[in-house]
Structures are given as C-alpha cells and as structure tokens.
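Student: Here you go, one structure.
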Amino acid sequence: YLDDLNDELFERYPDWESTERASAFVPGLASLANHHRTAEASSSGGPNDGPGLANMDRMYDKSRSDYGGYEAPWHAGAGAFTPHHGVEFKATRDVMEGMELLIDYGDQWQEENDYKLKHIARKEQENKVDSNDGSNNSDYRPKRGFVEGIHKKWDDVVEENHFEIPYELPTEKAKREGLAEGKARDSSEFEEGYNPYSEYRTNDHHLWPEERGEWRGNEVRHEENPYPANDETIVRSIDWLGMNGVCLTNGKLRVGNSPIENAGRGVFAAQPISEGSVVLTSPLIVMRQEDFTMYKTDPKQKINRNIVDKSTVIGTELLMNYAYTHPDSPVYLVPSAPLVNFVNHGTSSKKKKKKKKTPPTANVELSWPKEGSNSANLFEWAYNQKHGSHYDMNFETYDFGSNPNGWLKDHAIDVMERSGKLAFEYVALRNINDGEEILIDYGPLWEEAWSDYARLNPYGRAGYFRCALGVPDGFFPKKWMKVGDTYEIAEIQDLANKPLKPGEVLPMTWAHNGKPLGSKYAYVVGLEKGFSDRFLKYSEEIGVIELYRRLLSEQEGYHLESDAFSVFTPGTFMNTTTAEDKLMEIFAHRYKSDKYRFNMHFVAAWEERARKDMLKALGDAGFDMAVKGFGERFGYDNMTCFHSSYMGMTHCDRSLMHSDIYATDDKSWNIVFPLITIDGSEPELDVMSEDMNTIVGVNYLKDVAYAMGDFGFHKTRMVAYYDPDDDRLNNADLTDPSVLPMRVVFGAYCSQIDETNVAMIRHIYDGDDPAPFADQFKDFPMREIHWDSSGASTLANPGGKGL
C-alpha cells in the first residue's frame, strides 16, 4: 500500500511543507483491505459500474511520528525503527458483522487497473473462442490485431510515455507506441463510417460486438463481472469465518512502548497464551535485496534521464529492518499483517549470557502454516490462483491439500512473482503470561551487526542501523538457497560454450526453472559458423558499413533529421565494388530520434536490384538454414522474407518496448543477428516475458539469431558507446571502428503469408517507414517464396509466382 501524499491532501492540510511529500508502505489493515470505489466516486460517472462499497478511509490527521524519546546520533535505536505510527482508519458507513473492509485506492490506481483487467479479460475471451475450434456460435471472435494491455513494471518508464492516442493510425507510430502502451484504439470501435485502413484494406480485421458502444476517453468497458459485488456479497457469516477464515491476532495482543533499550514500540500479550498456539499469522511480501537499495536520481543527466543512477547508492530503505532472510538466500519476506512489525528481538534460551542481565528471551518462533489449518488452506488457494481478470470463486469446492505451502516447492524467483500470496506464523515456544512482551530471535548475524553498531561512537556512525532479520537454518527450502534472483535466459547463457547446430530453433527459457519466456515467441536459432563474418564482409563491400560510419558521426551530407530518410549509393565509397554495385540504391531512415533519444538508423534496399542482391547474400552466407529451421519447427508450408534491413546506432538514451510482428496467426518472425558489437558491453536487447511482468537483457552473439514472433515485445537497451557531442570525433579518422564504436545488426521479417494474415502483414510492412516494395502482397501465391517444404525455394533462387 503506497500512501501517496497528493495535491488534494496538501490542500486539506496547508501547513504541511512541500518537502514532506513522500510515499510510505503501510502494513496492517491498509495492506489487507481490498479496493472498491467510494459511493461518491462511483456515482460521479467514473469507470466503475455499480455501487461504491468502500466502507473505511484513513484519518490523515491522526498518525504520529516520533522515536519514543530517542535522538540521533546519541541513541543507536533512533532511525533503526520507523518513527511513523498510530495510523487510524474510520468507518465511512455502517459496517455489518462479517462484512469485508474495503478502501478506495484512488483514481490513478483505478484507471491503471481498469486498463490491465480489460485486456486480460479480452485475452481470456479470445482463448475461449480459440478453444472452440470453429464451433463457437458467439458474436465474438479473437481480436487478432490488438495487443493485450501491458502493466508497466520496467524501470525506465518516464512521464512522456503516458499519453492517449485518439485513433489508431495505420503507421508505425500506432504500432510501436500505441499498441505497446496498451492504449491504441481498435478499428472496430470507431464511429460508423470511419476507417483508418481504407487505403489498402477494409475494416473487417477486428470484430467486436456493437453493443459494446463507443470508447470515450478513460472510460473502460469491462467484460461482465461474473461475481458482481454488493453489500450482501461482501458479508460472510461468523460461522463461515470460523470455519474458513484466519484470525490474525484474536484479541491476544496489544501495542505499547517496549522496556528494551533502543527497541521503540513493542507488542504484548493481552491474555495468557499457551505453548504451541499461533500468536500471529501474516501474509508476506516477497522482495529481493535490490528492492531496498536507494540510488541517486538526476533528471538532468545526459544519459538515462529520469531514472535511477545505479552507479551511486545513497542508502538502504528502512523496510530492510523489518524483512526476514537468510544469508544464503535472495528472498526477503516482509510481514504485512497488523502488529507483526512490533515484535522485537529476544535471545533464545540457548544463547543466554551469564555475564550480565539479559532482556527477556524469545518466546515465539516462525513456522509455516500447518497442513489442514485454516491459514494453510487460505494461502494454498491464493498461491495457486491463475493469472486472470478475476479470482476463482471456488474456495468452498477447492481441493485443499493438493499443494499446501506450494511456495516451498518453487524457485525463489517464482515465489517473488506471487508476492502477497504466502504466509508464515508466529508460534509460542512456551506459555506466555498476560502483559509479557512478544519476542523472537532475530538471529546471530543480526545480533552481531547490532552489537557492532551500538558500540560505535555516535559521531562515528555513518548512517542509521540497517540489517535484515534472520530466519533459522532449515526454515527456507533448498530451492531458495544459494540461487540467484536475476532472470537469465538459459540458452543464451550457454550458447557461447555450447553453440546451436545450424537451423536448430529453441525457445528462450528461464535458467531458474526451464520454462519458456513465451509460448509463441522469443526463440534463438543457430547459424552456420562464420555466418556473421561472411555477411559483415558483404556489407562492407557494398559500402553499408561505411555509410553507417558517416551517418552515425553526422558527417556533412549525412546528417538526417529525426524521422527523415534519404537514398544513397554507398557502393561509390568503395574501391572494391563493381560498377553495377556502385549504382545500387540504399535508403537510410533515422527513426524518431527526437522522441526516443537514440540515433538508430535503418538501412535497407531502395530498388529491386539491391533487394535481390541482399537476399542472395543472406542465402550465400547461410541464412537459408535459419528460415528452414523455423518453417520445419512450426510446420509451415512455405516462408517469405518480405522485409529486411540493417539497424545501427551508437547511443540510446531511451527506447520503447514494442512488437514488430503481431496478429499474423503465429506465422511470422522478426529474425535478428549481430554484425558489429562492442566487446564487454552490457546486454543490448531487452526481451519481455509473455506475462508482460518481466524484462530480461540479452547480449548478441555471433552466428546466433534471435527471433520474435507475434507479440514478441522487446526494445533496445539503453547504452552509450560514445557521446555524439564528443569533440575528439571532429578530426578523427572515422574509418577506424575503435574511434567510432557502434552496433550494427540485421533483421529479416519472415512469414508464411496467406489469406489469414496478408492484410496485417502489409499493415506491418507499409507503415510510416519507407516501404518501397508494398506491391509484393498483391496476389497469391506470393511473388517470391524463399523456403518451402519441398526444399526447392531458397533466398538466392526463390520460388513463387515471380515478377
């Protein structure tokens, strides 16, 4: 729960200083209560249909901030625990016995969640239609041209990315910006008579029921909620709650000031508690160490604007002091239930020191929910929920015991993806008296760290105390121990030592669990040894590499404005080029460098002779094996390389997650391989997983191609090989690659083109990039086929209808 101190609150409380604006994690009731709109917000014409059921709200003038009399730097405890406490909530309407407590998360959360749920619901509907194998009688059909929404979770999102597109343009702008944002309009939703695709196809590619109505700004049309909420549906009987619910404290505890020096506040037994009973149960937020690190931010820096500067660490989040971990594990567990974060440290009976009086010994320990208990059943059901627009309302009929405490069987990274859906318990080690403080052993590493910090001279302390709490050995499962928390792609991680066979096509899979990034995209394919060098030699001979040196260094006559293109004859640069090669026309297009802050230039054939020459060179270098590999792997009848181009750059300050190939009935691939890379560079390509929640960076490798299929989202990683304003380039010999470090890759769009996808493929090709060969999509069979199942067609000797 992020408690945002927004402009509205500052209007209500004008005495607050602007420097006090902050976002805070609020455990307890604020983190457990689900969202629903207030009655006022629901009745004001907002995006949520139905009555607003929110029944509580925070009392912003009730919370307090103090260290209980401790002062820094004199007291080691000052800054070691949060000064913020006493957050209170009030009932905003009558709350019945057994009614769920709901709070309004605010307009921004509502709008973002609406977009996400809308597209998830559409995806579910499409999957249902697809599964009917043509027997479906519904008015629905799969919207095979509209990308499902993306809930952005990557680090480098900036405000300029948040914009509305009033209609879907038949251009690259709509494809790369609108669809990637999940906010581009679908053509079937336009007013009658408006057709943005009229220049080359009718508006029949996407169908959607007419009764859905017209898109209006931020209003979002949901699929019908199968579980509509009202006051009756959010009430459970006390008997039902007793049989299925989990009492977090059961009235056993209260909060007060701890008598332990430097501990601040603590939690105390409000009644006798017997040995072995559960004192507290808490859901857990799963984090990694990186999440607690605070970095410098500088919106004025030249590279990586508006994001954190990970080269400069400025501190560690206070939340670290409330997280449980093990020194051999990347998993950090932050309890979020009421009162749990008041449990202070006490030494275990085995560690009592006889030299001096010690604080009370620990009287509780951590335990996973006991199989068959209410808490085990509740969190088994939650943890095993599938990603979708609604939770399955099958709690009473769920097969409990089929996967209890399922998180103990999963890899640490997979558990992080299910944050909030697991729990542990605090169990009494012995009988606990009324009024006794609840204490738990934080572990020997914490004790040592605290002892060292407390002994320091107050002026010698570099900052506040920060140290996670320890779990005992054996508490974390083996799958959480001595493993990484970094997403890595297994095949790419291994290809340098275990190269793929030429034409071998494999999905990119996660190294930690062996599962593919996506079921329909993100593959690698092996190329013949020396392939990259052979095609690079060809590219140098026809002058393309020299053209890049001139374009990227912005020499006179070769500086293109943002989104401009020009036609060149780079063969004239080279002494080794034949007379015919000197006449080959190549176009260069500088793609939207003002918007995306990079100097990416696309270079491709402008006339037929150059197009054929490049395809023949691809085949001569060995690319036929890659095309064949995809054709055979996915059972295509034939494949055509309908577009190919070079992509070169020297710096990228910001790029956009996008999909070049989409909605082609899973018959198309953007196959990319490197020609020139920078040794030792950071990953050059960011690939998004199918669930759209994870992005992983990969490095290009020679003689390996990387393929993105339908809705294969990816982007150029932010890099800075050289500063384009660097004065040393002014008089340098720019033919020396070491003076002008650059990255050049080559991409080919290859597809089985047929009646099911020709309209969309032409839309993809004929965007606002130069598209000199759009006439290739006119008739069937295609004028050129570069692979077929008989093996008769190749890049150098294509089959098909011919010219």
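The values are calculated or read from the model by the stated rules, or taken from the named source; none is laboratory data. This structure is a prediction, so every number in the text was calculated from the model and none was measured. Every residue, glycine as well, gets a Cβ built from its backbone with ideal geometry; the counts of neighbours run over all protein chains shown. Quick note on the areas: whole protein, heavy atoms, side chains included, nothing else; ligands and nucleic acids left out. Shrake-Rupley method; radii C 1.70, N 1.55, O 1.52, S 1.80 Å.
Student: Tell me, yes or no, whether region 429-442 has at least one residue that is open to solvent by less than 80 Å² (accessible area, probe 1.4 Å), under 30 Å from Gly256 (Cα atoms), touching a Cys at 6+ places or on another chain (Cβ under 9 Å) and not small (Gly, Ala, Ser).
Tutor: Checking region 429-442: at least one residue is open to solvent by less than 80 Å² (accessible area, probe 1.4 Å), under 30 Å from Gly256 (Cα atoms), touching a Cys at 6+ places or on another chain (Cβ under 9 Å) and not small (Gly, Ala, Ser).
Student: Test Asp691 against the criterion of being under 22 Å from Glu546 (Cα atoms), open to solvent by 20 Å² or more (accessible area, probe 1.4 Å) and modelled with pLDDT under 80, and give yes or no.
Tutor: Working: under 22 Å from Glu546 (Cα atoms): no; open to solvent by 20 Å² or more (accessible area, probe 1.4 Å): yes; modelled with pLDDT under 80: yes.
No; evaluated as a whole, the condition is false for this residue.
Student: Against the condition in contact (Cβ under 8 Å) with a residue 60 or more places away in the chain, assigned to a helix (DSSP H, G or I) and under 33 Å from the mean Cα position of the chain (by Cα), how does Gly631 come out, does it pass? Let's see the steps before the verdict.
Tutor: Details: in contact (Cβ under 8 Å) with a residue 60 or more places away in the chain: yes; assigned to a helix (DSSP H, G or I): yes; under 33 Å from the mean Cα position of the chain (by Cα): yes.
It is true that Gly631 is in contact (Cβ under 8 Å) with a residue 60 or more places away in the chain, assigned to a helix (DSSP H, G or I) and under 33 Å from the mean Cα position of the chain (by Cα).
Student: Ok, one more. Could you tell me whether region 526-547 includes any residue that is more than 28 Å from Val704 (Cβ to Cβ) and not acidic (Asp, Glu)?
Tutor: no
Student: I need the full set of residues from region 330-368 which are at pLDDT 95 or above and either under 30 Å from the mean Cα position of the chain (by Cα) or among the basic types (Lys, Arg) (or both), in order please.
Tutor: Val331, Tyr332, Leu333, Val334, Pro335, Trp368
Student: Looking only at region 536-556, count how many residues are open to solvent by 60 Å² or more (accessible area, probe 1.4 Å) and not polar (S, T, N, Q).
Tutor: The number of residues fulfilling the criteria is 5.
Student: Also, quick follow-up: Hey, among the residues in region 779-803 that are of a type in the set (Ser, Thr, Tyr) and touching a residue at least 40 places away in the same chain (Cβ under 8 Å), which one's surrounded by the fewest Cβ atoms within 10 Å (Cβ to Cβ)? Even if it seems obvious, please write down each step before you answer.
Tutor: In the first step, residues of region 779-803 are kept if they are of a type in the set (Ser, Thr, Tyr); the result is 789-790, 793-794.
Now narrow it down to the ones that are touching a residue at least 40 places away in the same chain (Cβ under 8 Å): 789, 793-794.
Details: Ser789: 14, Ser793: 21, Thr794: 21.
Per the criteria, the residue is Ser789.
Student: Same structure again: For region 59-84, how many residues are touching a residue at least 24 places away in the same chain (Cβ under 8 Å) and either open to solvent by less than 30 Å² (accessible area, probe 1.4 Å) or in a loop (DSSP other than H, G, I, E, B) (or both)? Before the answer, list the steps.
Tutor: Our first condition is that a residue be touching a residue at least 24 places away in the same chain (Cβ under 8 Å); within region 59-84, this holds for 59-63, 67-68, 70, 72-82, 84.
Pick out the ones that are also either open to solvent by less than 30 Å² (accessible area, probe 1.4 Å) or in a loop (DSSP other than H, G, I, E, B) (or both) and you get 60-63, 67-68, 70, 72-82.
The qualifying residues number 18.
Student: So is Asp686 surrounded by fewer than 23 Cβ atoms within 10 Å (Cβ to Cβ) and under 20 Å from Met508 (Cβ atoms) or not? I'd like the intermediate steps shown before the answer.
Tutor: Working: surrounded by fewer than 23 Cβ atoms within 10 Å (Cβ to Cβ): yes; under 20 Å from Met508 (Cβ atoms): yes.
Yes, satisfied.
Student: Determine which member of the set Met639, Met708, Met688, Met649 is under 22 Å from Ser593 (Cβ atoms) and of a type in the set (A, V, I, L, M). Break it down stepwise before answering.
Tutor: Values: Met639 fails: under 22 Å from Ser593 (Cβ atoms); Met708 fails: under 22 Å from Ser593 (Cβ atoms); Met688 fails: under 22 Å from Ser593 (Cβ atoms).
So the residue among Met639, Met708, Met688, Met649 that is under 22 Å from Ser593 (Cβ atoms) and of a type in the set (A, V, I, L, M) is Met649.
Student: Could you check, for region 245-254, whether at least one of its residues is surrounded by fewer than 21 Cβ atoms within 10 Å (Cβ to Cβ), aliphatic (A, V, I, L, M) and not in a loop (DSSP other than H, G, I, E, B)?
Tutor: There is no residue in region 245-254 that is surrounded by fewer than 21 Cβ atoms within 10 Å (Cβ to Cβ), aliphatic (A, V, I, L, M) and not in a loop (DSSP other than H, G, I, E, B).
Student: Continuing with the same structure: Within region 298-329, restricting attention to residues that are of a type in the set (A, V, I, L, M, F, W, C) and modelled with pLDDT under 65, which residue is surrounded by the fewest Cβ atoms within 10 Å (Cβ to Cβ)? Before you say what the answer is, go through the steps one by one.
Tutor: Pass one, region 298-329, residues of a type in the set (A, V, I, L, M, F, W, C): 303, 307-308, 313-314, 318-320, 323.
Among the residues that remain, those that are also modelled with pLDDT under 65 are: 303, 307-308.
Working: Ile303: 15, Ile307: 19, Val308: 17.
Among residues in region 298-329 that are of a type in the set (A, V, I, L, M, F, W, C) and modelled with pLDDT under 65, the one surrounded by the fewest Cβ atoms within 10 Å (Cβ to Cβ) is Ile303.
Student: Within region 575-589, track down each residue that is touching an Asp or Glu at 6+ places or on another chain (Cβ under 8 Å) and open to solvent by 40 Å² or more (accessible area, probe 1.4 Å). Reasoning before the result, please.
Tutor: Let us first name the residues in region 575-589 that are touching an Asp or Glu at 6+ places or on another chain (Cβ under 8 Å), namely 576-577, 581, 584-585, 589.
Once the filter is applied, which keeps residues that are touching an Asp or Glu at 6+ places or on another chain (Cβ under 8 Å) and open to solvent by 40 Å² or more (accessible area, probe 1.4 Å), region 575-589 yields Thr576, Glu585.
Student: Of all residues in region 269-287, how many are more than 38 Å from the chain's Cα centre (by Cα) and crowded, with 19+ Cβ neighbours inside 10 Å? It would help to see each step written out before you state the result.
Tutor: Restricting attention to region 269-287, the residues satisfying the condition of being more than 38 Å from the chain's Cα centre (by Cα) are 269-277.
Filter again for crowded, with 19+ Cβ neighbours inside 10 Å, leaving 269, 273.
So the count comes out to 2.
Student: On the given criteria, is Lys529 part of a helix (DSSP H, G or I) and surrounded by fewer than 22 Cβ atoms within 10 Å (Cβ to Cβ)?
Tutor: Numbers: part of a helix (DSSP H, G or I): no; surrounded by fewer than 22 Cβ atoms within 10 Å (Cβ to Cβ): yes.
No, not satisfied.
Student: Condition check: modelled with pLDDT of 80 or more and open to solvent by 20 Å² or more (accessible area, probe 1.4 Å). Does Phe568 satisfy that?
Tutor: On the way: modelled with pLDDT of 80 or more: yes; open to solvent by 20 Å² or more (accessible area, probe 1.4 Å): yes.
Against the criterion (modelled with pLDDT of 80 or more and open to solvent by 20 Å² or more (accessible area, probe 1.4 Å)), Phe568 qualifies.
Student: Could you check Phe268 against (1) in contact with a Gly (Cβ under 9 Å, 6 or more places away or on another chain); (2) modelled with pLDDT under 90; (3) not small (Gly, Ala, Ser) and say which number it fails?
Tutor: Phe268 satisfies all of (1) in contact with a Gly (Cβ under 9 Å, 6 or more places away or on another chain); (2) modelled with pLDDT under 90; (3) not small (Gly, Ala, Ser) except (2).
Student: So Ser419 ticks every box in (1) outside any loop (DSSP other than H, G, I, E, B); (2) among the hydroxyl-bearing types (Ser, Thr, Tyr); (3) modelled with pLDDT under 95; (4) closer than 22 Å to His326 by Cβ but one. Which box is left unticked?
Tutor: (1)
Student: Could you tell me whether any residue of region 410-425 is within 22 Å of Arg265 (Cα to Cα), in contact (Cβ under 8 Å) with a residue 12 or more places away in the chain and more than 32 Å from the chain's Cα centre (by Cα)?
Tutor: No, region 410-425 contains no residue that is within 22 Å of Arg265 (Cα to Cα), in contact (Cβ under 8 Å) with a residue 12 or more places away in the chain and more than 32 Å from the chain's Cα centre (by Cα).
A quick yes/no check of all residues on (1) more than 31 Å from the chain's Cα centre (by Cα); (2) not charged (D, E, K, R):
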| site | (1), (2) |
| --- | --- |
| Met584 | yes, yes |
| His589 | no, yes |
| Lys595 | no, no |
| Met614 | yes, yes |
| Leu618 | yes, yes |
| Met625 | yes, yes |
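Student: Can you tell me which residue in region 498-526 is modelled with the highest pLDDT, limited to those that are open to solvent by less than 60 Å² (accessible area, probe 1.4 Å) and of a type in the set (Ser, Thr, Tyr)?
Tutor: Going through the qualifying residues, I end up with Tyr523.
Student: Being in contact (Cβ under 8 Å) with a residue 12 or more places away in the chain, open to solvent by less than 10 Å² (accessible area, probe 1.4 Å), in contact with a helix residue (DSSP H, G or I) (Cβ under 9 Å, 6 or more places away or on another chain) and assigned to a strand (DSSP E or B): is that true of Thr640 here?
Tutor: In short, yes.
Student: Further, regarding this structure: Assuming Met574 fulfils every condition listed in (1) under 16 Å from Ser553 (Cα atoms); (2) at pLDDT below 85; (3) in contact with a helix residue (DSSP H, G or I) (Cβ under 7 Å, 6 or more places away or on another chain) apart from one, which condition is it?
Tutor: (1)
Student: To continue, here is another question. Only one of these is in contact (Cβ under 8 Å) with a residue 40 or more places away in the chain, open to solvent by less than 10 Å² (accessible area, probe 1.4 Å), in contact with a helix residue (DSSP H, G or I) (Cβ under 9 Å, 6 or more places away or on another chain) and of a type in the set (Phe, Trp, Tyr): Phe773, Phe746. Name it. Spell out the reasoning first.
Tutor: On the way: Phe773 fails: open to solvent by less than 10 Å² (accessible area, probe 1.4 Å).
From the options Phe773, Phe746, the qualifying one is Phe746.
Student: Under 6 Å between Cβ atoms, at least 6 apart or on separate chains: pull out the pairs that start in region 590-606 with a residue that is closer than 17 Å to Gly557 by Cα and end on any residue that is among the charged types (D, E, K, R).
Tutor: Going by the 6 Å Cβ cut-off, the qualifying pairs are His601/Arg590.
Student: Scan region 85-110 for residues that are modelled with pLDDT of 90 or more and open to solvent by 80 Å² or more (accessible area, probe 1.4 Å) and report the count.
Tutor: 4
Student: Condition (residue is surrounded by 14 or more Cβ atoms within 10 Å (Cβ to Cβ), among the acidic types (Asp, Glu) and touching a residue at least 40 places away in the same chain (Cβ under 8 Å)) applied to region 459-477: is it met by at least one residue?
Tutor: Start the filter on region 459-477 by keeping residues that are surrounded by 14 or more Cβ atoms within 10 Å (Cβ to Cβ), which leaves 461, 464-471, 475-477.
Filter once more, keeping what is among the acidic types (Asp, Glu): none.
Within region 459-477, none of the residues are surrounded by 14 or more Cβ atoms within 10 Å (Cβ to Cβ), among the acidic types (Asp, Glu) and touching a residue at least 40 places away in the same chain (Cβ under 8 Å).
This table checks each residue for (1) within 19 Å of Arg534 (Cα to Cα); (2) among the hydroxyl-bearing types (Ser, Thr, Tyr); (3) in contact with an Asp or Glu (Cβ under 8 Å, 6 or more places away or on another chain).
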position	(1), (2), (3)
Tyr558	no, yes, no
Phe568	no, no, yes
Phe573	no, no, yes
Tyr591	no, yes, yes
Ala617	yes, no, no
Ala621	yes, no, yes
Asp624	yes, no, no
Thr640	no, yes, yes
